[in-house]
Structure formats: structure tokens, C-alpha cells
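The structure appears below as C-alpha cells.
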Amino acid sequence: MSAPTIELKDVGKSFGALEVLRGIDLTVNKSEVVCLIGPSGSGKSTLLRCVNFLESYDVGDIRIEGKLIGYEDRPDGGRSLMRGRALREMRCEIGMVFQHFNLWPHMSALQNVTEPLQRVRGLPAAQANERAMQVLTRVGLADKAPAYPGHLSGGQQQRVAIARALAMQPRLMLFDEPTSALDPELVGEVLEVMRSLASEGMTMLIVTHEMGFAAKVADRIAFLDAGRIVAAGPPRQVFHESQEPRVRQFLQTYHDRNSF
């Protein structure tokens, strides 16, 4: 049996005296969608950033397709920080979309997608342009290829950010609250792209406050509170059958509970 796409075992992370992740165990298998939910400050975004080592983790293991990320095992049983080139190569297999779009404002939508293809993947310009147009078409923005970020709506900018990540042809995608910076009427267009990716079999780990989306798209839900996963399972189990008081209390704050 092949290794899970993402596997976390007893992962812990502290910022000084503040312990933000404690004993995290989580797996995401190939083509699975797992949504991380929970209150603000529960550790969701930190966990996601640890998966591609944008944040180092202090204890435990995080493995991508069986390979430890961020550290290298030594013959003496210890571990060392992973060398820069090896880490960059692993990150090339992981697409990440942030809350804020992080587009280069002086570049068009097309250039925002082609730039990493040329600089990181080393593709020639013609090939980078062809692939960029394919992914912009995939997210419904082929007609916006010449437009600069300042002339795009927030939803369009986020879809360009998704296209930029997809162009690298990652094995998995990480989303850190990708709709939280959007006006409510623009949320749907981004979620629709993510639904499409799920239907195509993209492996995804998603931090979200969109409970209706999580209920419909996720294979599993993990609820974090105070740095721990306190409930995990299929959406119906977590949303409707969980006996964890903290989960029930959290979900009661949503007025549209019928949507999930």
C-alpha cells in the first residue's frame, strides 16, 4: 500500500512559551479532501504551514508521500534541518493558496502564473505561456490573462493565485482560508474552483470557515481547539453526531446550520 500523501504523527509546535500544536495525528490520502475547522487561534493555519515547512515544527514527523519534510534523518537516530535544495524540491510538489492573494501587482495575470514556471521549473517562455493559459482557462479567467491585479476583483485575484499554484502541477494543494479576505458575493466563484479540483481528484488540505462547503466537499473534517484535534471524521459525524462539547458550542455560532 502506498504511503498517505500527507501524514502527521505527534506533531507539536511552540512559539516561545505558547504551545500552538500538541500531539497532532492526521493523514490525508491520495485524492482525499480534508478540511480543518475550529475557532480562530486554534492552530489551523500553523498546522497547514508546517506541512510545507513554512513553519518549522518542534516534535513529531510530517511526511509527504512517505518522505520527511523539513528535516533529514541521521544515522545516529537524530535529525538535521533539510538542506535548501531538497526542501525547495519537495515544496515544488505542494501548491499553497493563502488568505491574501500575494500576486505581483506589476505583472499581468498571465505573468503571475508564468513567472514561477520559468524561475522555479525552468520552463522556456513559450511552454510556460501555454501552461499558464491552460490553468487560467481551468479557473475561468482566460479572458483576464492580460489584466493586472489592480483591475481584477478579489475573487478573480484569488483564482489567479490558485492557477499559479496549479501551474506547478503539484501533488497536493493546501488552502489557508482562501475566501476569508473576499466580499461575500465573491466567495462562491472561488469555492466553485475548489469543488472542481475535488471532483478531479486533487488531494487537498483546507483551512476554512465555510461550513457548508466543508460539509459538501470534504471526505473528512478535523476540528482543532487549543492546538489539538478534538474531533475528526466524515462531515456528518463531526457536524451532526459529535458529542464533544467544544464542537457543539462552535457550531452553534453558525446561524445557517441547516447548510451543513
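Derivation of every value follows stated rules applied to the coordinates shown; laboratory data play no part. Note that the structure is predicted; figures quoted are calculated from it, not measured. No Cβ is skipped: glycine too gets one built from the backbone with ideal geometry, and neighbour counts run over all protein chains shown.
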Worksheet item: What order do you get for C92, C35 when you list them from fewest to most C-beta neighbours inside 10 Å?
Response: C92, C35
Discussion item. What percent of all Cα-Cα pairs in region 1-146 falls into each 10 Å bin, going from 0 up to the bin containing the maximum distance?
Written reply: 10, 31, 31, 22, 6, 0
Worksheet item: Non-local amide H neighbours of I94 (under 5 Å, H modeled in plane, Pro and chain starts lacking H): which ones?
Response: R171
Discussion item. Just to be sure I understand the model, the point goes 7 Å from the Cα along the line to the Cβ. What's the resulting S56 to D219 distance in nm?
Written reply: 3.3 nm
Worksheet item: According to the Cα gyration tensor, what semi-axes, each the square root of 5 times an eigenvalue, does the equivalent ellipsoid of region 210-260 have, listed from largest to smallest in whole Å?
Response: 16, 13, 10
Worksheet item: Rounded, prolate or oblate: which one fits region 120-199, using the alpha carbon gyration tensor with axes a ≥ b ≥ c (rounded when a/c is under 1.5, else prolate when a/b beats b/c, else oblate)?
Response: oblate
Worksheet, complete the sentence: Long-range amide H partners of L21, meaning residues 5 or more apart or on another chain whose placed amide H is closer than 5 Å, are K13
Item to complete: Calculate the dipole size of the chain relative to its Cα centre from +1 charges on Lys and Arg beta carbons and -1 charges on Asp and Glu beta carbons; express the result in debye to the nearest 20.
Response: 400 debye
Worksheet entry | Positive-end residue, region 102-260 charge dipole about Cα centroid, Cβ charges, pick of A142, V120, Y254 | V120
Practice prompt. Extending each Cα 7 Å along its Cβ direction at H151 and H209, get the distance between those two points in nm, one decimal.
Written response: 3.3 nm
Discussion item. Taking θ = phi - 60°, what integer Hz values does the Karplus form 6.51 cos²θ - 1.76 cosθ + 1.60 yield along region 152-169, in sequence order, with x for Gly and Pro?
Written reply: 10, 5, x, x, 5, 4, 5, 5, 5, 4, 5, 4, 4, 5, 5, 4, 6, 6
Discussion item. I want to verify a result. In a Gaussian network model of the chain, Cα cutoff 10 Å, which of these has the top mean-square fluctuation: A165, A126, A198?
Written reply: A126
Worksheet item: How high is the FRET efficiency between N29 and V120 when r is their beta carbon distance and R₀ equals 35 Å, given to the nearest 0.05?
Response: 0.85
Discussion item. Can you tell me which of R85, R131, R248 moves the most in a GNM of the chain? Springs connect C-alpha atoms under 10 Å apart.
Written reply: R85
Worksheet item: Residue by residue, what Karplus-based ³J(HN,Hα) values in Hz, rounded to whole numbers, does region 119-133 have, using 6.51, -1.76 and 1.60 with θ = phi - 60° and x for Gly and Pro?
Response: 6, 9, 7, x, 6, x, 4, 4, 5, 5, 4, 5, 5, 4, 5
Worksheet item: Using the Cα gyration tensor of region 114-260, with a ≥ b ≥ c the square roots of its eigenvalues, what is the shape: rounded (a/c below 1.5), prolate (a/b larger than b/c) or oblate (neither)?
Response: prolate
Discussion item. I'd like the distance separating the alpha-carbon centroids of region 188-260 and region 1-64, in whole Å.
Written reply: 16 Å
Worksheet item: Considering amide H positions built from the backbone, and no H for Pro or chain starts, which residues 5 or more places from A145, or on another chain, come under 5 Å of its amide H?
Response: none
Fill in: Choice from D25, D61, D76 with maximal GNM fluctuation in the chain (Cα, 10 Å cutoff)
D76
Worksheet item: Which whole-Hz ³J(HN,Hα) couplings does region 183-189 yield from phi under the Karplus relation 6.51 cos²θ - 1.76 cosθ + 1.60, θ = phi - 60°, glycine and proline marked x?
Response: 5, x, 6, 9, 5, x, 5
Worksheet, complete the sentence: Quick note, the chain: a/c under 1.5 would make it rounded; otherwise a/b > b/c is prolate and the rest oblate (a ≥ b ≥ c, C-alpha gyration tensor); here it is oblate
Worksheet entry | FRET efficiency, D73 to T253 (Cβ-Cβ, R0 41 Å, nearest 0.05) | 0.45
Worksheet, complete the sentence: Under 22 Å between C-alpha atoms, the lysine pairs in the chain lying 8 or more places apart or on different chains count 9
Fill in: Neighbour-count ranking [beta-carbon atoms within 10 angstrom, fewest first] of K30, K13
K30, K13
